[in-house]
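Heads up, the thing below is written out as structure tokens.
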Amino acid sequence: METERLIIEALKNEDKEAYFRNISHDKEVLKTFICRYAENLEDLDFEPYVNREDMFAIRLKDTGELIGLILYFDDDGESLEIGYGIGSSYWGKGYAFEAVKRFLEFCFYEKGVRRVNASFFTGNEASKRVMEKCGMTYDHFSPQELTYLGVPRDLIYYSIRKYDYDIMFPTMKEPSGKGGNR
């Protein structure tokens, strides 16, 4: 998958150092993206992430460097949930919006789902803005859904239906045999 500035593709073994630097060792990212902290590169068990079909590297197109991750889960064939994290040194540059918008296209037009969900911790206004720019709307509030970093966390869920995505971004073409009715 590509955007104007990004490539979204499978993780590779050689991504370990950039993943460490931009995700698992970046304490700012860990406040908003669920991930195991790694104190040093040697502590990071990266092998389980490589070649997973549901997890993708977000790379800068001009350098190929991994700056973040995007993934899907709870895929029931009709809907799924997505999650994403970008290294804090890349925040505020529009990369998350660019990656999420393209990933929604993947979910609707290549995976063929009809609804995509996402959540964020209360207080994460940047993630909320990304979701809203991509056409996602408030779905529900889930108080203390999980404990992360020793703290019970509230989650706010947003979602978008394929029908609404098609209205918001009408230039997308339906590939043959995928996506079906709205």
Rounding to the nearest 10 and keeping the result within 0 to 90°, find how far the Cα-based axis of helix 95-105 lies from the longest principal axis of the chain. 40 degrees
Taking max minus min of the Cα coordinates of the chain on each principal axis, largest first, gives extents in Å of 48, 39, 29
Report, in deg cm²/dmol and to the nearest 500, the calculated mean residue ellipticity at 222 nm for the chain, where each DSSP H run with n ≥ 4 adds -39500 (n - 2.57) and the sum is divided by the residue count. -5000 deg cm²/dmol
Give the relative contact order (percent, whole number) for the chain; include only Cα pairs under 8 Å separated by 6+ residues. 18 percent
List, in the order given, every pair from LYS111/LYS133; LYS12/LYS133; LYS16/LYS61; LYS16/LYS128; LYS27/LYS93; LYS31/LYS111 whose Cα-Cα distance in the structure shown is over 25 Å. LYS12/LYS133; LYS16/LYS128; LYS31/LYS111
For the stretch 1-52, what does the alpha-carbon gyration tensor say about shape, rounded, prolate or oblate, given a ≥ b ≥ c as the root eigenvalues, a/c under 1.5 as rounded, and a/b over b/c as prolate? oblate
LEU6's amide H: which non-local residues (gap 5+, or another chain) put their own amide H closer than 5 Å, with H modeled 1.01 Å from N in plane and none for Pro or chain starts? LYS61
Roughly how big is the chain's charge dipole about its Cα centre, with Cβ charges of +1 (Lys, Arg) and -1 (Asp, Glu), in debye to the nearest 20? 640 debye
3J(HN,Hα) from dihedral phi, the stretch 123-132, Karplus parametrisation 6.51/-1.76/1.60, rounded to Hz, x for glycine, proline: x, 8, 5, 5, 5, 4, 5, 4, 4, 5
Using +1 at the C-beta of Lys and Arg and -1 at the C-beta of Asp and Glu, which of TYR95, PHE33, GLN144 has the Cα lying farthest in the positive direction of the dipole of the chain? TYR95
Which net charge results for the neighbourhood of TYR148, defined as the other residues with beta-carbon distances under 14 angstrom from its beta-carbon, given Lys and Arg at +1 and Asp and Glu at -1? +2
Built amide H within the under 5 Å cut-off of LEU146, gap 5+: ARG153
Hey, how many Å between the Cα centroid of the stretch 44-93 and the Cα centroid of the stretch 17-34? 12 Å
Karplus-derived 3J(HN,Hα) from phi for the stretch 117-122 (6.51 cos²θ - 1.76 cosθ + 1.60, θ = phi - 60°), whole Hz, x at Gly and Pro, runs 10, 7, 9, 8, 5, 3
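Read the figures in this text as sums done on the coordinates, not as results from a lab. No experiment lies behind these values; they were computed from the predicted model shown. When we count neighbours, we look across all protein chains shown, and the Cβ atoms used for this are built from the backbone with ideal geometry, even at glycine.
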